[in-house]
Each structure stands twice: as C-alpha cells, then as structure tokens.
Amino acid sequence: SAEQKISPQVMKNLQELERNVTKHYPKANKLSVNDILRWPGSIQEDSIEVETIAEAAKHALTSAIRDLNIARNEEGNKLKKIIQDKTFHINDLIQQVKPLIPTIISSYETKLRDRIKRLDIEISDDRVAQEVVIHSTKVDVEEEIQRLEAHTSSLLEILDSKGAQGKKLDFLMQELNREANTLGSKSTSIGTTNIAMDLKVAIEQIREQVQNIE
C-alpha cells in the first residue's frame, strides 16, 4: 500500500518563498495548510515497487521449496534405513534356514526307519532311500532360498538408486511374500515354520514402509 507524506524539498522551497514574500510584502498572508497541500508536488507517495514484491515472493518460494526438499530427503533417508535394516533381518532369517534342511531330511529318515522297525516289516534299504529322496524333493527349499536372496539383493540395489522406485519395490514385496509362503508350506519342522512366519512379518513391515515411497 502507498503512504502519503509532504515532500521535504517542497516544504523547504515554500518556506524560502514565504520568507521572500514576507520580506517584500510584510502584510501578505502566511501560507495555510491548504495552500501547502494544493501546491504541485507537495504530496509525495512512497510505494513498494512491483519488482521488489516479485523478488521477495521469489525468495520466499525458493526458500519454501528448499525446506521442502530437505524435509523430503530426511524422510527418505529414514525410510531407507528402516527398509535396509528389515532387509538385513530377512537375510539373517534366510541363513538360519539353510543348516536346518539337512537336519530335517536326516530326521525324516530316522523316523521312517523307527516306524518300519515298530511295525516289524521288511523294507529294503533301497526302498527306504527312495522314500527319503521323495521326501527330500517335497521339502527342498533351495530354490526358494535362492530367490529370496536374489530379491533382497535387488531390494538393496533399488534403495541405492535414484528416481521413483515405488512400483518396483511393491513388486518385490509380492515376490518375497510368495517365496515366504512357499517356504512355509514346505516346512515339516517347527524351526522352519517359525522362520517362515518371521519372514512374512518382516516382509509385511517393509511393505508398509514402501507405501510411503513414490
């Protein structure tokens, strides 16, 4: 908004003029307020220039965008750290499964031989070995483990890449969940069942964080 005020220079000129007039014409009337206000150029307006307003607005907008980007980067780094930690936890769980598989197969063979002994039936070692192989095939989760490891590796790579990665991460969550379900369905021991459940919990926790990523 503009502010009106009397020009100091005009006032000075009018005062000088009044002195000269009074000097030569002592009976002349003194200048009134109305006389001063009507004098050309006596009223001066201070206005904020458009350029000044535009520059201030530009500065404010730039500052707001900078603050927004800083906040988004900080939030992004927090999300990245959470997802990385959960992914490392998934890798730890995967490593816990590996040594359990031979034990599960060996345990099955022992239980099978004990059952045969209790039933007091004659079954050749070859037939027992064949049954063990069939069972091993059913509980073999080597492929699931390899795919889980591949997916977690891809997940960590995506987190370190630039650009919008939300859809890729969401797809990986589906793949990880599928492998965890398969691992659970093939489980024949409490150990692997518990690990499969822990995997699904960790994957779901990551999925919830992924929803906040573009």
Legend entry - Gln15 versus Ser153: modelled label distance in nm, points set 7 Å from Cα along the beta carbon direction: 8.9
Inset, instruction - Using 0.36 nm per residue of separation minus the Cα-Cα distance, give me the extension gain between Phe171 and Leu100 in nm, one decimal. - result: 22.7 nm
Inset, instruction - Go ahead and run the numbers for FRET between Asn77 and Gln146, Cβ-Cβ distance against an R0 of 22 Å, rounding to 0.05. - result: 0.10
Inset, instruction - Pull out a ≥ b ≥ c, the square roots of the eigenvalues of the alpha-carbon gyration tensor of segment 60-214, then state rounded if a/c is under 1.5, prolate if not and a/b is larger than b/c, and oblate in the remaining case. - result: prolate
Inset, instruction - Order these peptides, 145-154, 14-23, by their mean beta-carbon neighbour count within 10 angstrom, highest first. - result: 145-154, 14-23
Legend entry - Label-point separation in nm, Lys111 to Asp126, each point 7 Å along Cα→Cβ: 2.7
Legend entry - Cβ crowding within 10 Å averaged over residues, with 92-104, 196-208 ranked highest first: 196-208, 92-104
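If R0 is 35 Å, what FRET efficiency do you get for Ser63 and Asp160 from their C-beta distance, rounded to 0.05?
Approximately 0.70, to the nearest 0.05.
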Inset, instruction - For Thr182 and Gln211, calculate 0.36 nm times their separation in residues minus their Cα-Cα distance, and state this gained length in nm to one decimal. - result: 8.0 nm
Inset, instruction - Order by neighbour count: Thr87, Thr188, fewest other Cβ atoms within 10 Å first, most last. - result: Thr188, Thr87
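Computed from the coordinates by the stated procedures, all read-outs in this text should not be read as laboratory data. All of these numbers come straight from a predicted model, not from anything done at the bench. A quick note on method: Cβ atoms are made from the backbone with ideal geometry, for glycine too, and the neighbour counts reach across all protein chains shown.
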